[in-house]
Amino acid sequence: MRQTLRRWWPVLKLFLALAVVAGVTWQFLKILRDPSLQKVDASRTPGEILWDTLLEARPAWLLLAAAGYLCGLGFSAGYWIHLLRTLGQEPKLATALRAYFIGHLGKYIPGKAWALLLRTTLSSGPGMRVGVAALTAAYETLTTMAAGALLAALYFIWQAADQRGQAWSALGLLALAGIPILPGVFNRLVRRIAAPFMEPGAPPLPQLRTVTLLRGLLQTACGWVLLGTSLWAVTQAFSPTPDYSTGLFVRCTAYICLAYVAGFLFLPSPGGVGVRELILQQLLLLETNMVASRAVVVVLLLRLLWTAAELLTAGVVYWLPGPGEDKKGGIRDWGLGIRDPEPTQPNPLIPNP
């Protein structure tokens, strides 16, 4: 089977690349054609409205929004690298960052597994077991979502009776993302799922502990604060007098947590497109100083900035050394050993041919 994967990997790699390009293009077109923008100003196209809005915004705040988003993702990437090392793997920092940020683009392909597949294949190689790379990628993703849902739930519960509906929604999302990552539940699921694919005599997959989960919740929560900073920066990009109040900053963090996690768990929506914007727009309308037209522009501009930042970062990290790049800088094998002269460890999830 491994030889079959090697033979078909160039075709699969091309398919994934085209799928990512198509998904991101669809993302941009959906933003530029969003009908809600027509309600803001029917005399202009959605693209013209967004372009004019960009010209009105103060660039420093938009740069802060993009930087906050990327740094927030960095906390989750760091936790994934920590998981790998905790479970006995030896990922190179450049390879891991390359796999994480390029793999992040897989969320724009329909189906939630593509992002994990891209990250796993880009990170596998010498010193890495494919099974461990896959399970840690899944665990990091669910831990990040659970941390966001937890922060949102704490905020809306603290806000008393007027926002109990949002509190129950956040608690429901916390249950969906949080229960599977409890070490007792997650380790048992991994054993059952991986058992049919394990080679005879292969070492068992490592087990995760409670302290690892607690660290992940704390670390990824810091990333959510930076994503909240990103939303706050976009709201301030149009304000003549920036609002530096702690209350607004905390609300932006809670709002982005709830909207992002809900968009992720809404399976039919690639990258949470549409779901996240709808929820975030409704939450922003809770702000007394934000009218409906401004809320629409803010959420779509935020999505546009985040997507552009992801593309730019993926383009930069692509040139970082991959696990299968030869000494002459040849074509990378993306983890399948096509041009890797060194023997790699057996894949515990793929049986012998």
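The values are calculated or read from the model by the stated rules, or taken from the named source; none is laboratory data. Here the structure is a predicted model, which is why all the values come from computation and not from measurement. Note that we place each Cβ from the backbone using ideal geometry, even for glycine, and neighbour counts take in every protein chain shown. Note: accessible area is taken over every heavy atom of the protein model, side chains too, but ligands, DNA and RNA are not part of it. Shrake-Rupley method; radii C 1.70, N 1.55, O 1.52, S 1.80 Å.
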- Which order, highest average first, do 236-246, 68-78 follow once you tally other Cβ atoms within 10 Å for each residue and take the mean per peptide? 68-78, 236-246
- Counting other Cβ atoms within 10 Å of each Cβ, which chymotrypsin sites (Phe, Trp or Tyr not before Pro) in region 133-188 have at most 13 and sit in a DSSP loop? none
- Query: From the Cα gyration tensor of region 91-181, with a ≥ b ≥ c the square roots of its eigenvalues, which class applies: rounded if a/c is under 1.5, or else prolate if a/b is larger than b/c, or else oblate?
  - Reply: prolate
- Message: What is the percent carbon and sulfur in the accessible area of region 48-127, measuring with a 1.4 Å probe over the protein chains and ignoring ligands?
- Response: 71
